[in-house]
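The values are calculated or read from the model by the stated rules, or taken from the named source; none is laboratory data. For clarity, every value in this text was computed on a predicted model and none was experimentally measured. FYI the Cβ positions are ideal-geometry reconstructions off the backbone, even for glycines, and counts take in every protein chain you see. In case anyone asks, the SASA skips ligands and DNA or RNA and just uses the protein heavy atoms, side chains included. Shrake-Rupley method; radii C 1.70, N 1.55, O 1.52, S 1.80 Å.
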Amino acid sequence: MRFSLELDETLGQVWTPDEIANEMAREAFALIPNVKKILDPACGPATFSKAINQLGFKEIELICYDVDPRMYNFTSHINQKIGLKSETRNQDYLLDSSLENSFDLVIMNPPYIRQELIERETKEYYHQYLGAKLGVSIDKKSNLFALFLLKGILDLAPNGIMCAIVFDAVQNSAYGKKTLSILSEYAELISTKTVATPFDNVLIDAQILIYKKREKKITSIIQYQESKNNLFIPLENLLKSRRGTALPKRAPFLADTGDKYYKYSSPFFIKQNRLEGLVIKPDQRIYLTNSDLEKIDGFQDWMNERLEKYNLSENKKFVKPVKGSIAFNYYIRNAPRHLWNKDNIALSDNFYVSETKGDFPTEVAWLLLNSDQYLNRLTASARNQGNGLRKLQLYEYKNVLLPNWNLLSDVDIAELFDLSKDLIQSGAESKKIQELASNIVKKLMDL
Ligand SMILES: C[S@@+](CC[C@H](N)C(=O)[O-])C[C@H]1O[C@@H](n2cnc3c(N)ncnc32)[C@H](O)[C@@H]1O
């Protein structure tokens, strides 16, 4: 390993491989040959300093930022060693409002930090500052890297170049698309390139984006509005989704036919690959302790003993069952599908469990969600886990842009409702449902 300090994931630390950093620096410098002032707002272990140094430009000045004192020390040291005219600052780049219109080149691999993990007050400040400067409201769900892109453009001088490597969430999420739309008002996209899984131990793809800042802001051609009339809208505008039932450990909760209290167990569903069709049938039973169950003679002691065997404290017995009409297993191998929870039983936490928003019939949603047009979009947003396995995080699932079923006419919805009910009743094969659904989406939504 070229750098022995441990990565601090809370700071979004992943390093750009040297070959990619070198290529980014080369391409950026080719676009702006008389570059003088350069900014690396998230420098890490001097990755871009070294790449820039290799190009042998003399009259340049590099300003680096990193909140991690280790990276600050390391980069200061390297920049001095290689003789770059530079200044390294151990501070939060997003809080430095003194840099507007200052740089010929901004080169970066910004930290990928989910918005939930950013301290609330700091996040509010970021949003306020960028929103006011850019004259837009920034999507509250924006990952930190999106804010770096926006501030990067703000801090570029007109005609300056920004070259950034970012996680491909920038293309696959609603907040990412909004960010790109804002960027396109302030800068022209010169090139974009996908790089397959460039970062060590991170199984996601990245994009290298190169922008040239405009002399004057234009009004975006690709306006992103969260309108009810959009053809594509984030899944979370169509469905209320959450993770299924979380058991602290499975074994003490799973019921066995020989158990003394078996008849008090509840149906549960874990494994979709044994299922024929798309209608859930319970494949397990579990003990869902509640006040009624606790009144049954001997049950409490019996359950406590089981928990103790697995080092779980007594209060862990209260599991909150998660039920819902539509289930989606977020570990995707080859056949992603949405299952129908006919008997409204509790589902395991390998599923996202959803209901529709508004009064759109859940049965129709289930049918449409099983079309190629919907499933392909979900699969495309999932992250590669190796060996043909992909995983879709809950926030990624919620952000996937899907065809907007609210645009269907009432007559079409009524017909689809009857069809979905029939398919559920007859326990139709998944292949047949998928084919039917894909044809319907093609015909009614022209997709
Ligand atoms: C994805 S790493 C990139 C490091 C390096 N540029 C590279 O490409 O190898 C992002 C860096 O940003 C730093 N960072 C995180 N939040 C920051 C902030 N608010 N301001 C400045 N730096 C930050 C992290 O400590 C980390 O070193």
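Nearest-5 percent of antiparallel DSSP beta bridges in the stretch 9-213?
The antiparallel fraction comes to roughly 50 percent.
Roughly to the nearest percent, how much of the accessible area of the stretch 163-265 is carbon and sulfur, given a 1.4 Å probe?
Here carbon and sulfur together make up 49 percent of the probe-accessible area.
How large is the Kirkwood hydrodynamic radius of the stretch 250-372, counting all unique pairs of alpha carbons, in Å?
16.0 Å
Suppose every Lys and Arg Cβ carries +1 and every Asp and Glu Cβ carries -1, with no other charges. What dipole size does the chain come out with about its Cα centre, to the nearest 20 debye?
The dipole magnitude comes to about 340 debye.
How large a share of the accessible area of the stretch 1-56, in percent, is made up of carbon and sulfur atoms when the probe is 1.4 Å and the other protein chains stay in place?
For the stretch 1-56, the apolar C and S fraction of the accessible surface comes to 50 percent.
Given only helices, namely DSSP H runs of n ≥ 4 each adding -39500 (n - 2.57), what is the per-residue ellipticity at 222 nm of the chain, to the nearest 500 deg cm²/dmol?
Only helices count here, giving -10500 deg cm²/dmol.
All other residues with a Cβ under 12 Å from the Cβ of LYS391 taken together, and with Lys, Arg as +1 and Asp, Glu as -1, what is their net charge?
+2
Based on the Cβ-Cβ distance from LEU189 to TRP302, what FRET efficiency comes out when R0 is 60 Å, to the nearest 0.05?
0.40
Would you mind computing the Rg to Rh ratio of the stretch 232-445 from its alpha-carbon coordinates, Kirkwood style for Rh?
1.03
Can you work out the base-10 log of I(q)/I(0) for the chain at q = 0.08, 0.10 1/Å, using the Debye formula on its C-alpha atoms alone?
The computed values of log10 I(q)/I(0) come out as -0.59, -0.84.
To check my understanding: the extent here is largest minus smallest coordinate of the Cα atoms along each principal axis. What are those three numbers for the stretch 9-213, in Å, largest first?
The principal-axis extents, from largest down, are 41, 35, 33 Å.
For a 24 Å ceiling on Cα separation, which of these pairs sit above it: LYS37/LYS217; LYS50/LYS140; LYS133/LYS216; LYS295/LYS342; LYS36/LYS123; LYS123/LYS320?
Too far apart for the 24 Å limit: LYS50/LYS140; LYS295/LYS342; LYS36/LYS123; LYS123/LYS320.
Determine the distance separating the Cα centre of the stretch 72-118 from the Cα centre of the stretch 294-341; give it in Å without decimals.
Each part reduced to its Cα centre gives a spacing of 47 Å.
Can you give me the % of accessible surface on the stretch 380-447 that is carbon or sulfur? Probe 1.4 Å, all protein chains present, nothing else counted.
Roughly 46 percent of what the probe reaches on the stretch 380-447 is carbon or sulfur.
Loop-only trypsin sites (Lys or Arg not before Pro) in the stretch 227-311, please: DSSP not H, G, I, E or B, and at most 16 other Cβ atoms within 10 Å.
Counting only loop positions with at most 16 other Cβ atoms within 10 Å, the trypsin sites (Lys or Arg not before Pro) in the stretch 227-311 are LYS228, LYS249, ARG250, LYS260, LYS271, ARG274, LYS295.
If pairing requires two Cys Cβ atoms under 4.7 Å apart, which cysteines of the chain are left without a partner?
CYS163
Give the accessible surface of the chain per residue, rounded to a whole number of Å², with probe radius 1.4 Å and ligands, DNA and RNA excluded.
Here the residues of the chain average 48 Å² of exposed surface.
Can you give the local net charge around ASN376? Use residues other than it whose beta-carbon is closer than 13 angstrom to its beta-carbon, Lys and Arg +1, Asp and Glu -1.
Spelling it out: positives minus negatives among the neighbours equals +3.
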